[in-house]
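The values are calculated or read from the model by the stated rules, or taken from the named source; none is laboratory data. From a predicted model like this one, the values you see are computed outputs, not experimental measurements. Ideal geometry is used to build each Cβ from the backbone, glycine not excepted, and the neighbour counts take in all protein chains shown. Keep in mind that these areas ignore ligands, DNA and RNA; they rest on the heavy atoms of the full protein, side chains included. Shrake-Rupley method; radii C 1.70, N 1.55, O 1.52, S 1.80 Å.
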Amino acid sequence: MTKVGGWTGKILRVNLTNGKISTEDTIKYKDFIGGMGIGYKVMFDEVPAGTKAFDENNKIIFGAGPLTGSGAPCSSRTNITSLLPSNPYNAVSDSHMGGNFAAMMKYAGWDAIIVEGASSKPVWLRIEDDQVSLEDASAVWGQGIFKSTAEIASIIGNEASIAAIGQAGENMVNLSVIMNGTSHSAGGHGGVLGSKKLKAIAIKGTGAVHIAAHKYELLKLNEYMMKEIIGANNQHVVPRTPQPWAEYHNSGSRWLSRKGLYWGGAETPIETGENPPGDMKKVGFRTMKAVMDLGPVAEKYTIRMGGCQSCPIRCHSQLKVPHLEKYGLSPYVSNTCVGFSGPNGVMIKGVTDQFEEGDKSMMGKIVGAQLTDDYGVWCNYGLIGKDFKYAYNTGILKKVLPKEEYESIPWDKLEAGDPAFLLDFYRRIAFKEGELSHLGDGTYWIAQRWNYGDDFWHGNDYGVWSPLGFPKHHANESGSQVGALISCMFNRDAQCHSHMNFIGSGLPIAIQKEIAAEVWGSPDAIDEPANYTPMNEYKAKFAKWSIIRNCLHDSLTLCNWMWPMTVSPVMARNYRGDTALEAKFLSLITGEQISEEDLDLAGERIFTLHRALTVKQMGTIDMRTKHDVMNDWVYDVDPDKKAFTPGTIKMDRNDMQIALTMFYKEMGWDEKTGAPTKETLIRLGLQDVANELESLKLLP
Amino acid sequence: MSQDERKGFLERETTRREFLKLAGKGMAGAAVSVSFLSMLGFTHESEAVAAFALSQGVLIADRNRCTGCQRCELNCTSLNDGKVQPFISRVKVSRNYNYGVDGPKLSYWKEDGQYGNLLMTPETCKQCKDPACANACPMGAIIADPKTGARIVVKEDCVGCGSCTKACPWHLPTVDPETKKSSKCVLCGMCASNCPTSALNIIPWEDVKVAMIRRGYMLG
C-alpha cells in the first residue's frame, strides 16, 4: 500500500493448521475502510456458504481501521468478525471490544489479523511489531482470562496488550467472549478461538500511526471536538441534575458528575463536580456511571472511572469492594452497563442486601461480572438470564435435568437472593457441566432443546426480539420504527447506538426535531417517546443513516457508544453537533479528501455486504419473512391500547411491513424480499459479490 | 504555575506513601534514605553538579486521577513527533497499564495495574538537577533548554545509542525505532493541558529531596 496516513498498510494472516504466518497488503480492502469492512470481505471471499462457526474452515478477523490508535477520541475499538455459533444459521456477526488491543495492533504495524485453520494443540499468538510467532499455550489452557493474561504477560512483557479466552471459549460454549483489559469483552466469538485452540493474542507495538496532515491541524480538530462537541457517555449532552451552567437537565442522562458526587474509593476522594463544556481537563469526570449501574452505594467503592485507549469519556467503573473476597474473588472489579447487569440477570429472584443496606444490586452485578469476565462467558446481551428464568419458572428445568444434577444445584441460594448462586451457575456454563450448561448454547438452541413454548418467544416478559434468538437492544422502545428496523437487520442483537445516542441525548424533543429535520430531512424522522406515529420515509432515512454510521464506526474504528456526534452540549452552537467529524478526522489523518457522503457510501457498501453474507449463509433471498422478523409481543404489548396512541411503544403489523419496504427502498434492495439487487451491488462496487450471488441463484 | 498550585503540591496534607507515588511510583513502606533518593535519581546536595541550570518546571502526575486513557501519550507524540506513537511518549502510562512498573507477579490481584488494584502508574520526567540521562550521553546531546531549563535531546546530535534510556532510573527517554533518535520530556505541557481528568500538571521545579526535607520525611 502506498504510504498514506492512518492505515499501517499491512494485514497479518495466521494459518493455525499449517503454522504459516504471512503478510498481505491492506490496499485490497481499502474500499471497505477497515475493521468490520475487512472482516466481511474476507468472510465473503474465503468462507464457503454453510460453514459452521466451529469448523476448521471458519475464519476470524480482528480488525482495526485508519482512525484506530490515531488519537481521535474514542478510537480503540477492535472489531471481530466471524460466524456466530449462537445464531441458528451460524450467520456472520461482529463482536467488539474496547480497551487497548486495537490501538496496540496498529502500533505493531497491523490493520487486521486474519486467523484461519485450527491448531492441533493449544497455542497463543505472539506479536512484537513484525516479529510474529505461535507459542505453546498448554500451561495456560484451562485457566481463566485473568490468570492466562498474567501468565502470558510474564513471558512477552508487561506492556503487551493481550486478548484471551477463558474456559468458556476453550470449551466452545456458544455464549463466550474474547477479552482484553479485565472488562473489555467481545461477546459471541470466544468459542471460535477455542475451536481453533488459540488461547490468546498478545501484542507489543513500538511503531506509529502516521498522520498525513500537519500536526497542528489534527491537534486543532481534537481540541474542537473536546471543547465544543463531545458530551458524556452515549453522547448525552445535558447533565442529569440541574446545574447553574446548564439550560437543560434530564434524569436519564449519563452526564452524572455534580457537586457532592465523588470517586469515593480513591485514596483521597475526588469530587466529580460540575464540568461545563469547554474545559478539556474535566471531560473525564462527567460519566460517573458507577452510581447509575450499581446504585448509590457504589459511590464509596469507586476508585475511579476507566475505559478505552484514547477515550476521554470514562464509562467503565473501577471499584474496590472488599466483600468480593468472601466469594473467593478479587476485590477489584471493573465493568459497565450490561457487563454488570447481564451476568446478574441470572438472579431471577432478585438479590437481597448482603452486607449493608442497598448493596443488593451492586453485589449481584459485581460477583457476576467478575465470574463471567474470568470464565469468559457471554450473557447474550442479558438474554441468558431470561432463558434461565423461563426454564425455571415453567418447571422445565425439573423435567430436563437429571435428578442428581437438579439436586446438586444450590437453589436455596437462588431463592434467597444470594449472589453466591452465580459461582455455581457460571462454573457449570463455562465447563459445560451437565444439562444445565446448555443455557450457554444461546436462546435459539436452548429453546429448541428444551422445547420452550410460544409464551417465551411472544410474551412480554422476556424481550426476545427475533425468532433467531437475540434480544431487543435499543429497538422499538427507542425511536419507534427506526429502532425496530435496526434491530431486525443483524444476526445478533443490534449493537447500533447512532439512533439511541441521539434520542437519549437529553435535549428537549423540540430541539431534537429541529436537528432531525436538518440531518434526515424532516422533524417526523423521530417521534416523541411512547407517542408514536405511522411509518414515513424520513424514519427509513434515519434508520439507514444510523446503521451505515454504525458500520462505518466499526470499520474506522470509532466507538458507536459515543459517535456519531449529532448533537453538542454547547448552547452557543444551539446544541448542533457535527456529523462530518468522522470525515474530517479521516481526511486529516489519511491525507485524502474524503467527504461525509463518501464515507456514508462506504458504510452502505459495508452494510450491504453484511446483507449479502446473510443471504448467502441462509441460502435464501427472502429476508423479509425469514430474517427481518419480530416476535409477537412487539405488536401485542398493551392489549388495551392501539398502536400510535399515547403511552404505548407497541408497533403495528401492517405498518412494520411498510417500514421494511421503505427501508429496503432506501438501501436499494429488492422491495419485496429485502435482498440486495444486482444493480445496487454494482453501484456499490460489489460486482464480484453480485457474480457470486448470481451463481448461487441468490439474486432477487 | 500559580503559587496555589505549588502550595497544593508541597504543602497539602499528604501521606508519605502518596508523596512517593507522586514522585514516581507506589513504593509503600520503602525506607526513605539518602541512598533511596539517589536511586530515584537525586543526589546529595554536595554532589550536585552545577553543569546544568535547574529546570523551571516539572511535570507531575496524580495517579489517583489517572484513568489510563493514554490521551497524554497520544497528544505528546502528536505534537512533538507529528505522528501518534505511545512507545516514544515522554510521559508513560500504557506500558504500566496492566501490571504497573514491575510486571505481573503471582500476587497480581493486589499489585499495581488494571489487572490488580486498578491504579495506573503514570511516569513523568523529574528534570533532575543532575540528569543521569544527559550525563550518560556519549554525544552530549542532552542539554538544558536555554529558555525552560528542561533537559532536552538535540536531535541532530543524538545517535540513538540508548545510553540515556539505560541511565535514567525510570527509563523515560526512549529511542524511536523509526528515526533512531531519542526523545524525552520537553515540558511543552501538551499532555497536562489535554488530560481529561487533570491528573497531569506542570509545577515549579523542586528537588524531591528538598521537598521531603521540608515535609520532615528525612533529616537534612
Practice prompt. Out of the residues in the stretch A:305-326 that are more than 10 Å from chain B (Cβ to nearest Cβ) and in contact (Cβ under 8 Å) with a residue 40 or more places away in the chain, state the one that is nearest to B:Tyr97 (Cα to Cα).
Written response: A:Cys315
Item to complete: Working only within the stretch A:566-583, note down all residues that are in a helix (DSSP H, G or I) and either touching an Asp or Glu at 6+ places or on another chain (Cβ under 7 Å) or crowded, with 19+ Cβ neighbours inside 10 Å (or both).
Response: A:Met571, A:Arg573, A:Leu581, A:Glu582, A:Ala583
Worksheet item: Do we find that A:Val629 is aliphatic (A, V, I, L, M) and in contact with a strand residue (DSSP E or B) (Cβ under 9 Å, 6 or more places away or on another chain) in this structure?
Response: no
Worksheet item: Residues A:Val132, A:Val92, A:Val115: which one is open to solvent by 10 Å² or more (accessible area, probe 1.4 Å) and among the β-branched types (Val, Ile, Thr)?
Response: A:Val132
Worksheet item: Across the stretch A:327-350, what is the number of residues that are in contact with a Pro (Cβ under 9 Å, 6 or more places away or on another chain), closer than 26 Å to B:Lys110 by Cβ and away from chain B (no Cβ under 14 Å)?
Response: 1
Worksheet item: Taking the condition modelled with pLDDT of 95 or more and more than 16 Å from the chain's Cα centre (by Cα), does B:Cys137 pass?
Response: yes
Item to complete: Output the residues belonging to the stretch A:339-372 that are surrounded by fewer than 20 Cβ atoms within 10 Å (Cβ to Cβ) and within 26 Å of A:Ser253 (Cβ to Cβ).
Response: A:Gly358
Worksheet item: Being in contact with a strand residue (DSSP E or B) (Cβ under 8 Å, 6 or more places away or on another chain), part of a helix (DSSP H, G or I) and within 14 Å of another protein chain (Cβ to nearest Cβ), is that true of even one residue in the stretch A:371-391?
Response: yes
Worksheet, complete the sentence: Filtering the stretch A:267-324 down to residues that are β-branched (Val, Ile, Thr) and either at pLDDT below 95 or under 15 Å from B:Arg65 (Cα atoms) (or both) yields A:Thr268, A:Ile270, A:Thr272, A:Val283, A:Thr287, A:Thr302, A:Ile303, A:Ile313
Practice prompt. For the stretch A:35-45, indicate whether the set of residues that are open to solvent by 50 Å² or more (accessible area, probe 1.4 Å) and at pLDDT 95 or above is non-empty.
Written response: yes
Worksheet item: What pairs can you find where one residue is in the stretch A:276-287 and at the interface with chain B (Cβ under 9 Å from one of its Cβ atoms), the other is surrounded by fewer than 20 Cβ atoms within 10 Å (Cβ to Cβ) and hydroxyl-bearing (Ser, Thr, Tyr), and their Cβ atoms are less than 6 Å apart, with a gap of 6+ or different chains?
Response: A:Lys281/B:Ser198
Worksheet item: Which one of A:Thr81, A:Thr17 is within 30 Å of A:Trp561 (Cα to Cα), in contact with a Gly (Cβ under 8 Å, 6 or more places away or on another chain) and modelled with pLDDT of 95 or more?
Response: A:Thr81
Discussion item. For a quick check of your reading of the model, give me the residue pairs whose first member lies in the stretch A:594-619 and is in contact (Cβ under 8 Å) with a residue 40 or more places away in the chain, whose second is among the charged types (D, E, K, R) and open to solvent by 10 Å² or more (accessible area, probe 1.4 Å), with beta-carbon atoms closer than 7 Å and at least 6 apart or on different chains.
Written reply: A:Ala602/A:Asp31; A:Arg605/A:Asp31; A:Leu609/A:Lys41; A:Met618/A:Lys626
Discussion item. So, in the stretch B:76-109, exactly how many residues are closer than 20 Å to A:Gly284 by Cβ, assigned to a helix (DSSP H, G or I) and facing another protein chain (nearest Cβ under 7 Å)?
Written reply: 4
Discussion item. Quick check on the stretch A:537-565: of everything there that is open to solvent by 10 Å² or more (accessible area, probe 1.4 Å) and in contact (Cβ under 8 Å) with a residue 60 or more places away in the chain, which residue is nearest to A:Asn234 (Cα to Cα)?
Written reply: A:Trp561
Response to the item:
When every residue in the stretch A:169-191 that is under 13 Å from A:Asp441 (Cβ atoms) and open to solvent by less than 10 Å² (accessible area, probe 1.4 Å) is compared, the one nearest to the other protein chains (Cβ to nearest Cβ) is A:Ser176
Discussion item. Please count how many residues of the stretch A:253-275 are within 13 Å of chain B (Cβ to nearest Cβ) and in a loop (DSSP other than H, G, I, E, B).
Written reply: 10
Worksheet item: Inside the stretch A:623-639, can you point out the residues that are touching a Gly at 6+ places or on another chain (Cβ under 8 Å) and in a loop (DSSP other than H, G, I, E, B)?
Response: A:His627, A:Asp628, A:Asp638
Practice prompt. Could you list, in sequence order, all residues of the stretch B:173-193 that are in a loop (DSSP other than H, G, I, E, B) and crowded, with 22+ Cβ neighbours inside 10 Å?
Written response: B:Pro173, B:Lys184, B:Cys185, B:Leu187
Item to complete: Tell me which residues, restricted to the stretch A:640-699, are among the hydrophobic types (A, V, I, L, M, F, W, C) and not in a helix (DSSP H, G or I).
Response: A:Ala643, A:Phe644, A:Ile649, A:Met651, A:Trp669, A:Ala675, A:Leu684, A:Leu686, A:Leu696, A:Leu698, A:Leu699
Response to the item:
Output for Cβ contacts, cut-off 8 Å, separation at least six or different chains, first residue within 9 Å of chain A (Cβ to nearest Cβ) and of a type in the set (Ser, Thr, Tyr) in the stretch B:56-74, second open to solvent by less than 10 Å² (accessible area, probe 1.4 Å) and not in a strand (DSSP E or B), reads B:Thr67/A:Gly284; B:Thr67/A:Gly307; B:Thr67/A:Arg314; B:Thr67/B:Met120; B:Thr67/B:Pro196; B:Thr67/B:Thr197; B:Thr67/B:Ala199
Practice prompt. Just need a number here: residues in the stretch A:208-227 that are open to solvent by 10 Å² or more (accessible area, probe 1.4 Å) and either on the phi > 0 side of the Ramachandran plot or touching a strand residue (DSSP E or B) at 6+ places or on another chain (Cβ under 9 Å) (or both).
Written response: 4
Fill in: Selection count, the stretch A:477-493, where residues are modelled with pLDDT under 95 and crowded, with 24+ Cβ neighbours inside 10 Å
1
Practice prompt. Report yes if A:Thr614 is assigned to a loop (DSSP other than H, G, I, E, B) and either open to solvent by 10 Å² or more (accessible area, probe 1.4 Å) or assigned by TED's automatic domain parsing to the domain that holds A:Gln657 (or both), otherwise no.
Written response: no
Discussion item. Given the options A:Tyr375, A:Tyr444, A:Tyr392, A:Tyr381, name the one that is open to solvent by 10 Å² or more (accessible area, probe 1.4 Å), at pLDDT 95 or above and more than 27 Å from the chain's Cα centre (by Cα).
Written reply: A:Tyr392
Discussion item. If I filter the stretch A:526-535 for residues that are crowded, with 18+ Cβ neighbours inside 10 Å and either on the phi > 0 side of the Ramachandran plot or touching an Asp or Glu at 6+ places or on another chain (Cβ under 8 Å) (or both), do I get at least one hit?
Written reply: yes
Item to complete: From the list A:Ala72, A:Ala64, A:Ala53, pick out the single residue that is small (Gly, Ala, Ser), more than 30 Å from B:Ser78 (Cβ to Cβ) and open to solvent by less than 10 Å² (accessible area, probe 1.4 Å).
Response: A:Ala53
